[in-house]
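For reference, the structure discussed in these notes is given below.
The values are calculated or read from the model by the stated rules, or taken from the named source; none is laboratory data. In this text, all values refer to a predicted model and were calculated from it rather than measured experimentally. For neighbour counting, all protein chains shown are included, and Cβ atoms are generated from backbone atoms with ideal geometry for every residue, glycine included.
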Amino acid sequence: MNDRAGGSSRTRCAAIAVPVLAAWLAASTFAQAPERVALTEARVLPISGPPIENATVLIERGKIKEVGRDVAIPFDARVFKLKGKTIMPGMINPDDWRGLDTPNESRPVTAHLDAFDAIDPSRLFFEDELRLGITAIHTLPAGNCTIGGIGRVVRPIGLSPAEMVFGEGEFLKVSVSPRGGADRIVQLGLLRETFRELQDYQDRLAEKRYEEKLKEDEKDIDVGPEEAKKRGRDLIRAQDIDEEHRNLLRLTGGKVKVLGEEGPQVFEPLGAFIECAGATDVGAAVRIARDNGFIDRTVLCLGPECYKAIDEIKESGRPVVLPGNLVYEETDPLTGKRSETFVVTRFADAGVKFALSPGSNSSLPERMLTYQAARCVREGVRRDVALKAITLNAAEIIGQADRLGSIEAGKDGTVVVFSGDPLDFSSVIEMVFIEGIPVYNRATDRRIQRLISHSDTPEGADDKPE
């Protein structure tokens, strides 16, 4: 799948020109960040604590300096008076491939790949995410894989991947759900085979390293293969691990293991976002993670049916990412009666940490995380739990809670300004700040203004830099 395929070259160029220009402008602004920014007279939802009325958020050099009612505003601060508005942290999309130039590669195991190399800043997806108040996207391969590449957390602004990403990737995409053309037994068999081959690779590498050491010392081989592997275990260095196996070794903890015995720590560990489309996939995901030493770094990415495995999920102690479709529908095979289950309440009642995902259909309201959270509240989920599911929980799950997810001193000055309460569907996003920089303003959003004015300008006629 590729959003740039099909259509005339003129249409494609017009579609690409606008987000590229927007990205260039955002990147230029990013380089000229104001030293201090004060957002005043607003209602602030810190997420980490109760709402603060008539409050100020002071941002200094991109970081939140202070939040409260009695904040002293520096004389040189750029002040935004936001009386009657509501400020909340930027929202987080916890698992999405749409910022990449392709969802998955054709090979089932591609652990060596890095989403950084496939991020396409020209995609309209990023512009839309910013417009919806999503300020961080965990960009991962899709689930049509066995082990996909490593993901990256990106801002929805920037001219290049280097300007968009937050540091190094921390998670691989893994899927226990059958990829296209496979069934469950093949999928799980390939996963087990991949980890067995990793172990065999380390055994062979240890023997090779011992032989290399003897050669350096100008000695002859004096032991059998098994003893050579044992002696070579502690000789393995990070540079000895090839690209095909490096991320797999990091997934299993980053520590060498030869003949079942642990050796040196050569890499920082990676976590896994494990795709589970159905309830029967959950048990397999937990077993694979436990057997290979990464259960403590696992996030379960669930389909709607997975609520039926809630006991297994709770017992595992792992957080989950819920799908854009929050309702599971089924038909009783005996009576033909149809039933619907709002799955979020099951996870909230069980005390499982969860993050919400936006829907992928741009024509439906599920694409808005605030709509997803409001829907949860309507179905009985506590308001604070619903708000955390689109901010702080998501930040914790993707490993960015030290920077994102709440409005607290020391975190990034990344916030969204609403015209009213975020969960009121009549409220709109008026401004977005990323690290203290105003990167979106509804008043100057040409696409929004065109819709509001009911312009009859032909599509694409206005899509050129002004």
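Of all residues in the stretch 131-142, those that are over 9 Å from Asn93 (Cα atoms) and crowded, with 24+ Cβ neighbours inside 10 Å total 3. Per the conditions (1) closer than 23 Å to Tyr440 by Cβ; (2) out of contact with any Gly (no Cβ under 8 Å at 6 or more places or on another chain); (3) buried (at least 18 other Cβ atoms within 10 Å of the Cβ), the sole criterion not satisfied by Thr56 is (2). Of the set (1) among the hydrophobic types (A, V, I, L, M, F, W, C); (2) over 30 Å from Phe273 (Cα atoms); (3) assigned to a loop (DSSP other than H, G, I, E, B), all apply to Ile47 but (2). Per the listing Asp203, Asp217, Asp183, the residue uniquely touching a strand residue (DSSP E or B) at 6+ places or on another chain (Cβ under 8 Å) and more than 14 Å from Ile147 (Cα to Cα) is Asp203. Of the residues screened, Ala118 is one that is within 23 Å of Ile274 (Cα to Cα) and touching a Leu at 6+ places or on another chain (Cβ under 6 Å). Among the residues of the stretch 323-342, the ones that are assigned to a strand (DSSP E or B), acidic (Asp, Glu) and farther than 21 Å from Gln372 by Cβ come to 1 in all. So in the stretch 259-300, with the set limited to residues that are in contact with a Pro (Cβ under 8 Å, 6 or more places away or on another chain) and hydrophobic (A, V, I, L, M, F, W, C), which one is farthest from Asn93 (Cα to Cα)? Checking each candidate, the answer is Phe294. Across the stretch 56-66, not a single residue is classified as among the small types (Gly, Ala, Ser) and either farther than 25 Å from Gly167 by Cα or not in a loop (DSSP other than H, G, I, E, B) (or both).
The set of residues in the stretch 102-154 being among the hydrophobic types (A, V, I, L, M, F, W, C) and out of contact with any Gly (no Cβ under 9 Å at 6 or more places or on another chain) consists of Leu124, Leu130, Leu132, Cys145, Ile147. Pairing each residue of the stretch 257-275 that is touching a residue at least 40 places away in the same chain (Cβ under 8 Å) with any residue that is in a strand (DSSP E or B) and surrounded by fewer than 17 Cβ atoms within 10 Å (Cβ to Cβ), provided the two are 6+ apart or on different chains, yields C-beta distances under 9 Å for Gly263/Lys255.
In the set Glu396, Glu330, only one residue is acidic (Asp, Glu) and more than 16 Å from the chain's Cα centre (by Cα); that residue is Glu330. Quick check on my filter: what residues within the stretch 81-111 are β-branched (Val, Ile, Thr) and closer than 30 Å to Ile52 by Cα? Within the stretch 81-111, Thr86, Ile87, Ile92 qualify. Note on the stretch 73-112: among residues that are of a type in the set (Ser, Thr, Tyr) and either loosely packed, with under 15 Cβ neighbours inside 10 Å or modelled with pLDDT under 95 (or both), the one that is nearest to Glu129 (Cα to Cα) is Thr102. Do we have Lys219 as outside any helix (DSSP H, G or I) and charged (D, E, K, R) here? Yes, satisfied. Among strands (runs of 3 or more DSSP E) entirely within the stretch 348-450, having at least 1 residues that are closer than 30 Å to Glu35 by Cβ, out of contact with any helix residue (DSSP H, G or I) (no Cβ under 9 Å at 6 or more places or on another chain) and in contact (Cβ under 8 Å) with a residue 12 or more places away in the chain singles out 415-418, 429-434.
The criterion of at least 2 residues that are closer than 22 Å to Val432 by Cα, among the polar types (S, T, N, Q) and touching a residue at least 24 places away in the same chain (Cβ under 8 Å) is met, among strands (runs of 3 or more DSSP E) falling completely within the stretch 119-204, by 134-139. So for the stretch 385-407 (the condition being more than 19 Å from Pro94 (Cα to Cα) and of a type outside the set (S, T, N, Q)), does at least one residue qualify? There is no residue in the stretch 385-407 that is more than 19 Å from Pro94 (Cα to Cα) and of a type outside the set (S, T, N, Q).
Taken as a whole, the structure leaves Val176 outside the set of residues that are within 27 Å of Leu300 (Cβ to Cβ) and touching a Pro at 6+ places or on another chain (Cβ under 8 Å). Restricting the stretch 164-201 to residues that are of a type in the set (Asp, Glu) and modelled with pLDDT under 95, the residue that is farthest from Lys255 (Cα to Cα) is Asp183. Would you be able to say whether some residue in the stretch 292-308 is more than 19 Å from the chain's Cα centre (by Cα), loosely packed, with under 13 Cβ neighbours inside 10 Å and either touching a residue at least 40 places away in the same chain (Cβ under 8 Å) or not in a loop (DSSP other than H, G, I, E, B) (or both)? No, the stretch 292-308 has no match at all.
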